[in-house]
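No lab work stands behind these numbers, since they all come straight from the coordinates. Since the model is a prediction, treat every value here as computed from it, not as a measurement. In this analysis, Cβ positions are derived from the backbone assuming ideal geometry, glycine residues included, and neighbour counts consider all displayed protein chains.
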Amino acid sequence: MPTNKIFIFIFIFFTSFSNIVFAYTDSNKSELTVEADESLEWFEKEKYYLAKGNVTLKKNGVTLKANIVRANYIFENDENILNKIIAKDKVILTNKSTKATGQYMTYNLNKKIAKISGPFQTFSSKSGYIESNKKITYDDLRNTAEAEGNVKIILSNKTIIYADHIKADFDPNDKSLKKAIAKGNVIIENKAKKRKSKADLGIYNSDNKMVQLSGNVIIINQKSKVSGSKGITNLKTGVSNIIGDKKNKKRVKGVFAPIKKQKNGD
């Protein structure tokens, strides 16, 4: 069987497979292991491989686990070149400090785009944690990720961002979060400091730790509340500014409640 070569950064990365359990050494002295409880089949006419039963793939520090893994390929230059990976049921993908989980995952090897979908999926790294109840898409060429459906992001400073849709940009070198754009029912919350912001749109920048808010903005600090058209929250200092819309005659409004002093020992 010709050697099958694959490169998938972050989500999947493995090269060739033929038996249920084996080790393969390529020109880079990189070993791949594939294990499955039930079977590993080769459908030559249909051009795909199928592994079933608690499947585990390991390559270059990357591990993919799922109950079913299918690899589609094309025959080109006397080689079987894999072009799409499909993993189903209890999918777990780990690579050093990153981890992705879900029920259904596809990866396009040409476009280097991975999609994880199902009732609940997650993606975590040193920068934070993302979850959704619809889908998460990662584009390795553009270093971007999109999540839809009750999205939740937990940043490294414990700030939580909720939204209907979030798009994130990552650093091409260390894959750390650079920027995130949240749309629809945006909530930014720090439970420890009892601070919460609401808006239609939120833009987070990791360089200055700022969140720009727009559209029906409400900022709540303990029992005090300020509303306006636009706002800026500094996640590092906790300071929030809110701005009205003079052109459309929308004023800033604030309701400030006194904070009760704590008793000694509380």
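A few points about this structure:
- Listed cross-link partners LYS135/LYS225; LYS99/LYS196; LYS96/LYS135 are compared with a 26 Å cut-off, the Cα-Cα value being larger for LYS135/LYS225; LYS99/LYS196.
- Order of SER156, SER229, SER124 - criterion: other Cβ atoms within 10 Å of each residue's Cβ, fewest first: SER156, SER124, SER229
- For the stretch 118-257, the residue among PHE120, LEU213, GLY184 whose Cα projects farthest onto the positive side of the dipole built from Cβ charges is LEU213.
- Within the stretch 166-215, the ratio Rg/Rh, alpha carbon atoms throughout and Rh by Kirkwood, equals 1.02.
- Surrounding net charge for THR101, when Lys and Arg each add one and Asp and Glu each subtract one, Cβ distance under 12 Å: +1
- Of the peptides 236-242, 139-145, the order by per-residue mean of other Cβ atoms within 10 Å, starting with the highest, comes out as 139-145, 236-242.
- The share of C-alpha pairs in the stretch 118-257 whose separation exceeds 20 Å stands at 46 percent.
- The listed peptides 193-200, 42-49, ordered by packing as a protection proxy, come out as 193-200, 42-49 (highest mean of other Cβ atoms within 10 Å first).
- Residues VAL69, VAL34 arranged by fewest to most Cβ contacts within 10 Å: VAL34, VAL69
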